[in-house]
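All remarks here apply to the structure that follows.
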Amino acid sequence: MENKKRPVFLDLTRIDMPVMAVLSFAHRITGVLMFISIPVAIYLLGLSLSSPQGYETVTSLFDSGLFRLGILILLWCFSHHFFAGIRYFMLDLDIGVDVINGRRSAWCVLGAGLAVTVIGMVLML
Amino acid sequence: MCIGGRAGSHRDWHGVDAMSRKSIGLRTWLIQRLSAVYMMLFVVCFAIYFASNTPSSFLEWRTMMANSFVAITTTLFFLSLLTHAWIGMRDVLMDYLHADSIRLALLTIVGFSLLGGAIWIMKILLTVSV
């Protein structure tokens, strides 16, 4: 039987989390956010292909600041998930498994995801 | 009982049948990576294709997506995405939800939603014609 009285320390604000842990958590959050946006994406894709009016509706959405913000957040989700995925592929191939390289690649993933998002932001302005 | 963990027979109880459980985990792991590779390749190729032939009207957009190759590879992308999302969401839900009833309810909702999404996107992309 599992010991229900065993001490558990899970105060996330007080645990010193290494950057790899932040990355792992961000991988989950970005994945769940993209999962939630799948029906919206399918709906808008279908609408844009359904009729000239639908196409106009979808393209005019880009005039809205709120929609652009949503696109930027999703762009960050996607690019972060993408680069973190490449990092996991490399770990699967035993590349950069040690702490120093693991930490280094984790920072690279965070940076690359943000860089793509900034490029997207500049292109949208 | 382990909902979502694919407990087949009573031999699975407490990991007695550890080998088959491990191989199921390995299969899931492989599907997650194969779908990721396909999506990465598709997104990069599609982005380059889209950037070099950016449609400027409804007709051009529809003509692009009516191309069989584009329609089928895009459908495959969405099927990979939905499969990838199923494995990811299943892992997340199983990590954080421990009550069997809630776990089963949410896994069912997520699973049926993703199946619905698969049918929806196939209906859209495979019926586009100019």
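The values are calculated or read from the model by the stated rules, or taken from the named source; none is laboratory data. Note that the structure is predicted; figures quoted are calculated from it, not measured. For neighbour counting, all protein chains shown are included, and Cβ atoms are generated from backbone atoms with ideal geometry for every residue, glycine included. What goes into the accessible areas is simple: the full protein's heavy atoms, side chains included, and nothing from ligands, DNA or RNA. Shrake-Rupley method; radii C 1.70, N 1.55, O 1.52, S 1.80 Å.
Below, the figures for the structure above:
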| item | result |
| --- | --- |
| Residue in segment A:27-43 that is over 29 Å from A:Arg87 (Cβ atoms) and either open to solvent by less than 80 Å² (accessible area, probe 1.4 Å) or part of a helix (DSSP H, G or I) (or both) present | yes |
| Subset of segment A:73-92 [out of contact with any helix residue (DSSP H, G or I) (no Cβ under 6 Å at 6 or more places or on another chain) and within 11 Å of chain B (Cβ to nearest Cβ)] | A:Phe78, A:Phe82, A:Ile86, A:Tyr88, A:Phe89, A:Asp92 |
| Search result, residues across segment A:83-103 that are in a helix (DSSP H, G or I) and surrounded by 13 or more Cβ atoms within 10 Å (Cβ to Cβ) | A:Phe83, A:Ala84, A:Gly85, A:Ile86, A:Arg87, A:Tyr88, A:Phe89, A:Met90, A:Leu91, A:Asn101, A:Gly102, A:Arg103 |
| Single residue of segment A:44-77 satisfying the filter (part of a helix (DSSP H, G or I) and of a type in the set (Gly, Ala, Ser)) that is surrounded by the fewest Cβ atoms within 10 Å (Cβ to Cβ) | A:Gly65 |
| Segment B:92-127, subset polar (S, T, N, Q) and in a helix (DSSP H, G or I), residue nearest to A:Ser50 (Cα to Cα) | B:Ser113 |
| Lone unmet requirement of (1) out of contact with any Gly (no Cβ under 8 Å at 6 or more places or on another chain); (2) of a type outside the set (A, V, I, L, M); (3) open to solvent by less than 60 Å² (accessible area, probe 1.4 Å) for A:His80 | (1) |
| Cross-chain or 6+ apart pairs with Cβ under 6 Å, segment A:60-87 first and among the charged types (D, E, K, R), then in a helix (DSSP H, G or I) | A:Arg68/A:Met124; A:Arg87/A:Ser105; A:Arg87/A:Val109 |
| Conditions (1) free of Cβ contacts under 8 Å to residues at least 12 places away in the same chain; (2) within 11 Å of chain A (Cβ to nearest Cβ); number of the one not met by B:Val110 | (1) |
| Residue match in segment B:72-89 (condition: within 11 Å of another protein chain (Cβ to nearest Cβ), open to solvent by 30 Å² or more (accessible area, probe 1.4 Å) and out of contact with any helix residue (DSSP H, G or I) (no Cβ under 7 Å at 6 or more places or on another chain)) | no |
